[in-house]
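The values are calculated or read from the model by the stated rules, or taken from the named source; none is laboratory data. Bear in mind that the values here come from a model prediction, so they are computed numbers and not experimental data. Glycine gets a Cβ as well: all are built from the backbone with ideal geometry, and neighbour counts include every protein chain shown.
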């Protein structure tokens with residue numbers, strides 16, 4: 001990415017931050033960012049919003065859902081891939097294409113196309129309003145998913161491409177008064193924290209893959225961990241002395257309580 005592009009991207013994000021500041025009481029104050037409570041029970045509700053249990057203090061929901069009342073609420077954004085059924089919301093030239101001109105899809109999520117992060121300025125222009133909507137809705141934080149798409153592109157994208165975009169999005173979140181959560185990408189946790197500015201982490205199956213320390217070494221107790229394993233494996237994860245302070249067991253489809261297969265369990 002050229003210096004001119006980086007300057008333009010910084011200008012874009014800076015202008016957006018001024019628009020938020022102008023709506024504050026002083027027109028100048030930087031919004032206060034709050035991190036989630038440590039060692040608190042949380043619920044991961046990307047499959048649909050529902051009333052959380054009384055022990056739950058943190059709730060993560062999709063950006064199109066309202067935040068949970070009286071809980072620390074995290075707004076999920078799939079900023080590096082398209083959501084299923086939202087391909088048409090993105091300009092075709094911001095979707096990553098291979099040498100044959102075909103759109104590149106996530107091999108594990110074949111209905112999610114990868115975003116071309118080499119054009120960070122234009123991608124940020126699309127995602128910035130989503131961040132603002134999360135803030136306006138009353139969320140406390142935003143979660144950015146698929147930060148590691150560059151690992152699935154056979155060299156079309158680089159770590160620096162994604163890091164540049166991530167840095168811009170975190171800056172925008174902070175300007176909007178939102179904490180920023182890194183989703184997965186264990187191998188890049190230190191970079192994402194120190195260079196992009198992420199405040200805490202949300203991880204899936206870090207116990208199953210023996211990588212929880214990649215997050216806790218960087219974020220300490222500010223790690224929300226979800227396991228999708230069988231109950232016996234979850235019990236083992238809960239018993240581990242170095243487990244993340246906030247750890248839950250959920251069904252992989254993240255269903256609602258009234259739906260078949262629903263699982264939600266806290267460590268004892």
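What to note about this one:
- For the range 67-80, taking the residues that are part of a strand (DSSP E or B) and touching a helix residue (DSSP H, G or I) at 6+ places or on another chain (Cβ under 6 Å), the one that is surrounded by the most Cβ atoms within 10 Å (Cβ to Cβ) is identified as 75.
- Test: residue in the range 20-28 that is part of a helix (DSSP H, G or I), within 19 Å of residue 140 (Cα to Cα), modelled with pLDDT under 95 and more than 23 Å from the chain's Cα centre (by Cα): yes
- When residues of the range 139-154 are limited to those that are in a helix (DSSP H, G or I) and in contact (Cβ under 8 Å) with a residue 24 or more places away in the chain, the one farthest from residue 194 (Cα to Cα): 152
- Single residue of 98, 70 found to be farther than 19 Å from residue 182 by Cα and in contact (Cβ under 8 Å) with a residue 40 or more places away in the chain: 98
- In the set 60, 56, only one residue is within 30 Å of residue 268 (Cβ to Cβ), in a loop (DSSP other than H, G, I, E, B) and in contact with a strand residue (DSSP E or B) (Cβ under 8 Å, 6 or more places away or on another chain); that residue is 56.
For every residue, the table says whether it meets (1) at pLDDT 95 or above; (2) surrounded by 15 or more Cβ atoms within 10 Å (Cβ to Cβ); (3) under 23 Å from residue 147 (Cβ atoms).
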site: 201; (1), (2), (3): yes, yes, yes
site: 227; (1), (2), (3): yes, yes, yes
site: 231; (1), (2), (3): no, no, no
site: 238; (1), (2), (3): yes, yes, no
site: 259; (1), (2), (3): yes, no, no
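- The strands (runs of 3 or more DSSP E) found entirely in the range 155-262 that carry 2 or more residues being within 30 Å of residue 121 (Cβ to Cβ) are 179-183, 200-204.
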